Amino acid sequence: MRQKADPVGATTNGITMAVVTALSLLLLIYVGFGEATRTFTHFQTEKLAAQGRLLQTTIEQFLRPGLPLEQFVGFRTKAEPILASDETIASIVAFDRVGNPIFVTDEAEATPLAAPPEEPNFGEFGNGDIFEIRKDDTTLQVILPLRNRFERVGSLAIRMPLSVVDDRVLSSFTPVLIISAIAAVGFGVLVGFTAPQLQAGQQRRWLQVVYGVIFTAISGIVIATLVSLYSGGAQAKTQGLADSLSQRVASILNLGLNIMEIEGLERVFSDYQRLNPDIHSAGLVVDDVIRIHTNRDAIGRPWTTDPGTFEYVVDLGRSAGRAVRVAVAVPQDIVVRQTARSVKNFAALFLASAFMAGIFLQLAGTIQVRKGQTASDKPPNVTQAQDSSTANERALLLVKPVFFIAVLAEHLTYAFLPQFIHRTAENAGFADGAASLVFTSYFIAFAVTLVPAGFFAQRRGARGPIYAGLALACLGMVVLTLLPGFWTVMLARTLSGVGQGLLFIGVQSYILATTGPERRTRGAAIIVYGFQGGMISGMAIGSLLVSQLGTQGVFILSGSLAFVMMIYTLAAVPAVKSSQRVNSAMTALGSFRSIATDLANVLRNLEFLKAILLIGIPAKAVLTGVVIFSLPLLMQSAGYRQEDIGQVLMIYALAVVVTNAYASRHTDHTGIAAFVLVDGSLLSGLGMTIIGLTGVTAVLALPASSTLPTIMLIVGVVMVGIGHGFINAPVVTHVVNSELSNQIGEAPTSASYRFLERIGHVCGPLLVGQLFAVFGQNPTIIGQLGVAVAVMGLLFAISVKPLAPFGGQEERVR
């Protein structure tokens, strides 16, 4: 029966989805704005460094014999042409070794050099020389060292107002923001008009398609904006390099000399390219013929424009009756490389937004039905049982965002949390292995909370653990934000572990109370979707936001999301009564005496021990110890950016999700799990071995720009994810189909297995942390652990006892 139109409900849905869409697009624009600001600043920084490099070289030639910096003559004469060639430079200042200004181009800038920040930021020239980058609220400074043959005697600072970057980026993104607002409102209107049909799956799928089209279109607009900005930055850099070089050549022409009679001028061009390796080519053109060029083969030919470069030509006038020009070209693939990184980041963000859109589109349909259908609208042939079933289904969809957002909030921090904990332990003076203790405290707290949370949910209802879990998760992030010491960080992670454990049991209990046997799979799917989708979304979003918000900002965002979900649960999630089935399940999980008895039974069974010790515990130890704990540390030490770290972890989670769906269907169809478990163990071991091989690529003398280590890392992570997808669900099928399960029951067997596999969660970070403390943070340790995992898989293959599968056929080991 078609629902009656409800203007209030339709308006509510429209506003809800307009806000959700606006937030998704705003996140996209925020990330794009941050990418643009960072990259455009990088272009400006390289331009300033290139400009200052010329003056630095001149001053150091004077200092090399041991002369004092104060005796350098002609600072303004040499600095003024640089200022004249680049209007964005505010001043150039030379400081002595203690930071007092010696020479200035602007008396207003004659202030001592500020102390370096706690975490200095450095840039590098092509020949390996280092320069420092400092920023405050208004100014960008590039600081070049001034050295004689023995030591550093001073610094050269080139300053530029940050408004140069901010104004350019803001003016480019303002139209994007307006278009996004129009798109969000339009989508909200569409949802409002189609609200009565949202319960129909076909209409909802069409809305998801429309949402995807909107997100993709805005992504394309953002990428086009970035390409325009990056091109402008690269061209400005090219112009600055050309102007700087032309100033040096023009000083010769100003002396009235014939440019063709000067010897050694070609060395000026070659040295200029050496000092600025981004330059593709530079040349002196006289009467449209190349006389000097960084590529000797081009000398004597007419100057032609290369379509693959950004080119800037400066007309220097005439020398001996001939037209003289200086040309500099920078390759366009600089823009391509920067844009490719942005496209990769937006693809990850799109995936995260797709998960969120799916959640909230379902939620919009549920709210509409709840508002639009009153008692008078109910068909007369609907029984009370059917009406209760419909109410339970709506409650199930209302609780779905709670678990998803809570998991997302927790995983916002995972791309940088191991590094943060490791740095906190170092600052507190603890040994390297102490970081793993802090990291492990979360998993210990999570495991210990499950049983008491089950008791609480059984007696007081499911919403209590949900409230408490969200409150503790929020409190944990508050502690991380305000009290970032070693012991307070451990306390914060313990609180978060308890909170996530309470939340997990609360949501699971709520699902059990609102799903009948015919919807049991749908209820389990909410847990799977919420955890995997929340983990993928959180890692993708958190790794992108940390570069703009900083670690404290992401902690605040995570805690805020948990708090918002508390309010949402209080306002929107209805209370439910525990059914007898829930009580039975909770009794099986919650009785200490029952658990002790069950554990005693399973620990005496050899086949169960093989499954838990050779497959289950190693898989969970690899998840927490290798993927979540050690991989971010190794990638950071290898120079990967935070977004790269988060996206690699996201790739792992995606591989698990996709493979788990296939492995579950295959196992349900055949009833045979051992083959799949062996494959999963071998694949995860092989993947870890490949990751370990990235640590020996230095022995192969690969160039720094080689992508082979990155390719190996991604392939290894994908294989570990596929392997774990083969293990996560089929291993439960394996133990449930065992003879032990026939003796003590399926629920005690599966519950005991799930409880014991938490040992792997706890031991993984401890083991890897201690290995790192003894042998150093080396990927080869991961490779050696991979060999051990594969060996355990082989031992399981040759020792597992044939079991009776679903179909009654015998499970054989290859």
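The values are calculated or read from the model by the stated rules, or taken from the named source; none is laboratory data. Note that the structure is a prediction, hence the values are computed from the model and not measured. Every residue, glycine as well, gets a Cβ built from its backbone with ideal geometry; the counts of neighbours run over all protein chains shown. All accessible areas refer to the heavy atoms of the entire protein, side chains included, with ligands and DNA or RNA removed. Shrake-Rupley method; radii C 1.70, N 1.55, O 1.52, S 1.80 Å.
Values as computed for the structure displayed
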quantity: Percent carbon-and-sulfur accessible area, the stretch 676-786, ignoring ligands, DNA and RNA, probe 1.4 Å; calculated: 68 percent
quantity: Normalised convex hull volume, the stretch 602-657, alpha-carbon set, Å³ per residue; calculated: 80 Å³
quantity: Net charge, Q56 excluded, C-beta distance under 11 Å - Lys, Arg +1, Asp, Glu -1; calculated: +1
quantity: Extension gain (nm, one decimal) between L162 and D271, 0.36 nm per residue minus Cα-Cα; calculated: 36.2 nm
quantity: Chain lengthening between L23 and E739 when straightened (0.36 nm per residue, less Cα-Cα); calculated: 252.5 nm
quantity: Segments 404-414, 45-55, 73-83 sorted - mean Cβ within 10 Å per residue, highest first; calculated: 404-414, 45-55, 73-83
quantity: Heavy-atom surface of the stretch 12-61, accessible at 1.4 Å and reported per residue (Å²); calculated: 27 Å²
quantity: Summed residue charge, Cβ within 10 Å of I444's Cβ, Lys/Arg positive, Asp/Glu negative; calculated: +2
quantity: Solvent-accessible heavy-atom area per residue, rounded to whole Å², over the stretch 391-509 at 1.4 Å; calculated: 31 Å²
quantity: Segment L177-V715, length gained on full extension (0.36 nm per residue, minus Cα span); calculated: 189.9 nm
quantity: Carbon + sulfur, % of accessible area of the stretch 420-562 - ligands and nucleic acids excluded, 1.4 Å; calculated: 70 percent
quantity: Rg over Rh, two decimals, the stretch 724-785 (C-alpha only, Kirkwood Rh); calculated: 1.18
quantity: Span from the the stretch 771-798 Cα centroid across to the the stretch 434-476 one, whole angstrom; calculated: 31 Å
quantity: Accessible solvent surface per residue of the stretch 593-651, calculated while the other protein chains remain in place, 1.4 angstrom probe, Å²; calculated: 34 Å²
quantity: Debye intensity ratio I(q)/I(0), log10, the stretch 402-527, q values 0.10, 0.15 Å⁻¹ (C-alpha model); calculated: -0.35, -0.70
